[in-house]
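A quick write-up on the structure given underneath.
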Amino acid sequence: MIRAHSGDDTDRSDYSSARPDPFAPARLGPLTLRNRVLKAATFEGVMPRGAVTDRLVEFHREVAAGGVAMSTVAYCAVSMGGRVHRDTMVMRPGIARDLARVAEAVHDEGALVAAQLGHAGLVANTRSNGCATAAPSTRFSPAAMALVRGLDHDGIEAIIREFAAATQVVEEAGFDAVELHLGHNYLLSSFMSPNLNRRRDEYGGTVENRMRFPLRVVEAVRGSLGSHMALTVKFNMVDGVPSGLWLDDSLPMAALIEAQGMVDAIELTGGSSLLNAMYYFRGDVPMREFAATQPRLVGWGLRLFGGRMFPEMPYEDLFLLPMARQFRERLSTPLILLGGVNGRTDVDRAMAEGFDFVAMGRALLREPDLPIRMATHPRAAGLCVHCNKCVPTIYSGTRCVLREGPASSPTPRGDSTIR
């Protein structure tokens, strides 16, 4: 496992005097959260054919009991074509009653709950889904293993309506917030990317045009959202690939979101589930385990060519912070810092640098009760070693392989999209 120094020699012990208390109640739009630590959306891998299961309920109950302020259910597709694969939940009216079980379990533990809404776009495995997906411009998708057609204007309007309808389902299920997925080259993020959006109409070209579709979705979701609910966006700062989105475009794009005045917080991320998934993980690349989850032919392909999609990138604490600082400097909107938050000193540093919340993923898979430890021990550090062996488990129940207890029973192979 590779760890690297962050390159910042600031003494972390000095942060306490300049930061808000991360474990005191904090406001997020209309919500009062019990602290400033959020569970980042992590595909749970326990929704066969998109069903709400006891294991999904327990996944979020456990992190809520561990002390987070809000847990985020991922990945909630707005349509059948917008699924990542066949085991992705779709926010259709019939699922609201089942999904309410998640909300009730989280609320019973004193936390709040959000649903991450998105359309997979070029990241969708169309073979698994059995239906077509969508893209800003026609191109081949490795995930779909097919040519994906660019959306026409009617298609854009239809997807905007799907986001609005999905929001109503989330509200009916008793959730507290919606997180819109504008990251990782899913559909809305792909419209933002100059690498993936080659359109020549009002939805392509300039920064303003490439943001037009995402901003219309934000408006539609906010219009369908109850006044008691918060709206956040997961926003790509960079794509992590040549010719992709970079700060010179993403900074003014974030300013457009702020000017719209409809979002309660922005969670800053980067990378591409389509082309560079390790950008938002960092650390070891467990290629053998990745390949073992796939059909034999895909597995061999990963062993031979997987390094292109999963390049090794050294892990360091708060690895997205240098880029995120650029947004903190420009924006007044509350910001959520993601990426390498692994202990109390990282949380304190984020607060001292002006971030309003932190989001944690892998660290909470290893220790769901880490927030409770951090609240009571100012030097508490997580046990996550960033081996990333949790990532291939999305096909059998997402988990840390180092945790004690029986492993989840595996599900049959067949979905070749690695998220």
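The values are calculated or read from the model by the stated rules, or taken from the named source; none is laboratory data. All figures in this text were calculated on a predicted structure; none of them were measured in a lab. We place every Cβ from the backbone using ideal geometry, glycine too, and count neighbours over all the protein chains shown. Areas reflect the complete protein model, heavy atoms only, side chains present, ligands, DNA and RNA absent. Shrake-Rupley method; radii C 1.70, N 1.55, O 1.52, S 1.80 Å.
Some notes on this structure:
- The Rg/Rh ratio of the stretch 110-233, with both radii computed over alpha carbons and Rh defined as the Kirkwood radius, is 0.99.
- Accessible surface of Asp176, taken over heavy atoms with a 1.4 Å probe and every protein chain present, rounds to 20 Å².
- Hull volume per residue, based on the alpha-carbon atoms of the stretch 22-164 and their convex hull, is 124 Å³.
- Shown here are the Rg and Dmax of the Cα trace of the chain, at 19.7, 56 Å.
- For the set Cys387, Cys76, the ranking by accessible area, highest first and with no ligand, DNA or RNA atoms included, is Cys387, Cys76 under a 1.4 Å probe.
- Looking at the chain, the DSSP beta bridges with both ends there are about 20 percent antiparallel.
- For the chain, the solvent-accessible area of protein heavy atoms averages 38 Å² per residue (probe radius 1.4 Å; ligands and nucleic acids excluded).
- When DSSP beta bridges are restricted to pairs lying wholly in the stretch 167-283, around 10% turn out antiparallel.
- Neighbour count of at most 15 Cβ within 10 Å plus DSSP loop: longest GluC sites (Glu not before Pro)-free window in the chain: 1-201
- Contact order relative to length of the chain, as percent, for alpha carbon pairs under 8 angstrom and 6 or more apart: 18
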